[in-house]
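Derivation of every value follows stated rules applied to the coordinates shown; laboratory data play no part. As the structure is a computational prediction, the values presented were derived from the model and not from experiment. As a convention, Cβ positions derive from the backbone with ideal geometry for all residues, glycine included, and neighbour counts pool all protein chains shown.
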Amino acid sequence: MTEREPPPERNYLVAFNTILYKEISRFMRIWVQTILPPAITMGLYFVIFGHLIGPRIGTMHNFPYMQYIAPGIIMMSVITNAYANVVSSFFGAKFQRHIEEILVAPVPNILILAGFVSGGIVRGIVVGIVVTIVALFFTDLAVHSYAVTIAVVVLTAALFSIAGLINAVFAKKFDDISIVPTFVLTPLTYLGGVFYSIDLLPTFWQRLSLGNPILYMVNAFRYGILGVTDINIGTAFTVIVAFNIVLFFCALYLLNRGVGIRT
Amino acid sequence: MHALEIQGLTKVYPTGKRALSGIDLTVGEGEFFALLGPNGAGKSTTIGIITSLVNKTSGTVKVFGADIDRDFELAKSYLGVVPQEFNFSQFETVWEIVINEAGFYGIRRPLAIERAEKYLRQLGLWEKRKDRSRTLSGGMKRRLMIARALIHEPRLLILDEPTAGVDIEVRRSMWQFLAELNRAGRTIILTTHYLEEAELLCRNIAIIDDGLIIENTGTKDLLGKLHAETFVLDVAVPLDAAPASENFPFSLIDPTTLEVVVDKRQSMNGLFECLSDLGITVTSMRNKTNRLEELFVKLVQDNDSEAVHD
């Protein structure tokens, strides 16, 4: 054993699948905390805003109010769950120190990022499907463009999964992982055109709303389902992809520097 | 080729605390090596840097020739680490923990299953494989971390206080297991506070204190530096005072217990003759402390006093 041994086979796909499997197992193991609550919460939105208040509002962009808000509510659940999955999983791994299991292994940081983000995307999509099934109890939904719908869901879930990971990297205590969802994500989501068209807003507020990235995601998804949008679909995709690229490289930089995970 | 080569390794934490002050260390392939030192001496920082959990300030570390900066994936693939603190998910089963770790190392599932069964059986955890890790006893958790560290069959196994807090029976079985691993050709680096463990298992020992290697030699050579040993003697007839002797300084611990310091140049025969001359019947005799422990304390104290004088 004096000669340098050939490098052992490195199978990145196995490593990626393991991180992804671990992530999916985690949120499925606690489905009562991860899958069920959004179904109930979003069901209540449909009951209160769609069923009770909706008929008094009438139509929006020529769609019944219930039908108009359904894509926004589905997208809201995708956003919050993709974010929550990665922020809690990554921070939990840091807190319990089992992130070290991955850090000591020959797993490139880009693979760690891809694994956790993919876990967030899967949870976002699973919850999105569950909420869509709940929505179908209240309204009809026909898909206008499958390509747009799928692309927007995946890109949005990816974006908020990456954002969740960045939050988890900086978090030092459990409070730190709830600050962003409470004080940033929720207000932006509610003001992101989930329950209304920005055409209803005065010009100043319309322009201000254009600074809210969630507006682009909600409208792109609404376009995919209903075929109506307040935002040019090309612009919406450009914004979503641009945010994904910027956040991806920020997250990778933080992992490469070992911020929050290496002493 | 060396299993581990460390040159000029320095670590200064952002707080300004200097944990390592340019240490040089080499561990040969196939060695069973002990890295000893008091709390806060720099042992865990050194291990943290080798395993890439701690960013170094300067210096180089090579594992079987692979630089941890330039060829970090290869270096990591040679390493298995058993940390001081439990670092697995409390919600996963024993089986999931070892199988997932194999996955992180890119080991395909059929081979991972084969190895997981092998190591869980060897470490007495096979019956517990479906249990969640949080339900295991402290000793089982330690063994789980060893099984997990071995799943990719690393050439260099680093154990940071692997027997801390486990009962003597488990500790002995772990010693046996580690000795067998080493005999099979695996290089092992061990940190421990049980110096008896280091003396029993390790052929070479380095002592680190205040971020510096103050001793690095073979276990036998190190013990050869011990100038005197202290023995505790139980006597048959209670004594009123410590017996007077020109050659051996006796002290009375209690009426039936004597303590005596025997210089390396003196013989035990001489001690027994002295005791016979004094009319003292000894019923049993033992070392006051482990020999290595005695030397360790002396070396660290010497280093501390040198630091004060500097």
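Could you state the per residue volume, in Å³, of the convex hull enclosing the Cα atoms of region A:83-192?
121 Å³
Pick from A:T139, A:T80, A:T156 the residue whose mean-square fluctuation is largest in a GNM of chain A, springs joining Cα atoms under 10 Å.
Of A:T139, A:T80, A:T156, the Gaussian network model singles out A:T139 as fluctuating most.
What are the lysines whose alpha-carbon lies under 28 Å from the alpha-carbon of B:K118, with same-chain residues fewer than 8 places away excluded?
A:K22, B:K76, B:K128, B:K130, B:K141
Taking chain A, how much of its Cα-Cα pair set, in percent, is spaced more than 27 angstrom apart?
40 percent
Suppose we look only past 23 Å in the calculated P(r) of chain B. What percent of the Cα-Cα pairs does that tail hold?
So the pairs more than 23 Å apart make up 63 percent of the total in chain B.
When chain B is modelled as a GNM with alpha-carbon springs shorter than 10 Å, which of B:S44, B:S21, B:S89 fluctuates the most?
Among B:S44, B:S21, B:S89, the largest GNM mean-square fluctuation belongs to B:S89.
With the dipole of region A:131-253 worked out from charges on the C-beta (+1 for Lys and Arg, -1 for Asp and Glu) around the Cα centre, which of A:S197, A:M217, A:L136 lies farthest toward the positive end?
Going by the charge dipole, the pick is A:M217.
What does DSSP give for chain B in terms of the percent of beta bridges that are antiparallel, rounded to the nearest 5?
70 percent
I need the shape label for region B:228-292. Rule: rounded when a/c is under 1.5, else prolate if a/b > b/c, else oblate, with a, b, c from the alpha carbon gyration tensor. Please list the in-between numbers first.
Details: a/c = 1.69, a/b = 1.26, b/c = 1.35.
Oblate, because a/c is 1.5 or more while a/b does not exceed b/c.
Which is the longest run of chain B containing none of the GluC sites (Glu not before Pro) found in DSSP loop states (not H, G, I, E, B) with at most 12 other C-beta atoms within 10 Å? Walk me through the numbers on the way to the answer.
Details: sites that count: B:E85, B:E246.
Formally, the longest exposed-site-free interval is B:86-245.
Can you tell me the order of B:33-40, B:64-71 when each peptide is scored by its average per-residue count of other Cβ atoms within 10 angstrom, highest first?
By packing density, highest mean first, the sequence is B:33-40, B:64-71.
Given a 10 angstrom Cα cut-off, can you work out which residue in B:Q266, B:Q84, B:Q122 is the most mobile in a GNM of chain B?
Most flexible of the set in this elastic network: B:Q266.
For region B:80-171, state the average projected area of the convex hull of the C-alpha atoms over all orientations, rounded to one decimal in nm².
5.5 nm²
Would you kindly derive the ³J(HN,Hα) couplings of region A:41-53 from the backbone phi angles with the Karplus curve 6.51 cos²θ - 1.76 cosθ + 1.60 (θ = phi - 60°), listing them in order in whole Hz, with x for Gly and Pro?
These are the phi-based 3J(HN,Hα) values: 4, 5, x, 5, 4, 5, 5, 6, 6, x, 7, 8, 8 Hz.
State, to one decimal in nm, how far the label point of B:R18 lies from the label point of B:E117, with both points 7 Å from Cα in the Cβ direction.
About 5.5 nm, to one decimal.
Largest first, please: the extent of the C-alpha atoms of the protein assembly as shown along each principal axis, to the nearest Å.
115, 50, 46
So if I place +1 on the C-beta of Lys and Arg and -1 on the C-beta of Asp and Glu, and nothing else carries charge, what would the dipole magnitude of chain A be about its Cα centre? I want it in debye, nearest 20.
Dipole about the Cα centre, nearest 20: 360 debye.
Using 7 Å Cα-to-Cβ label points, what is the B:T256/B:T57 separation (nm, one decimal)?
Spacing of the two 7 Å Cα→Cβ label points: 5.5 nm.
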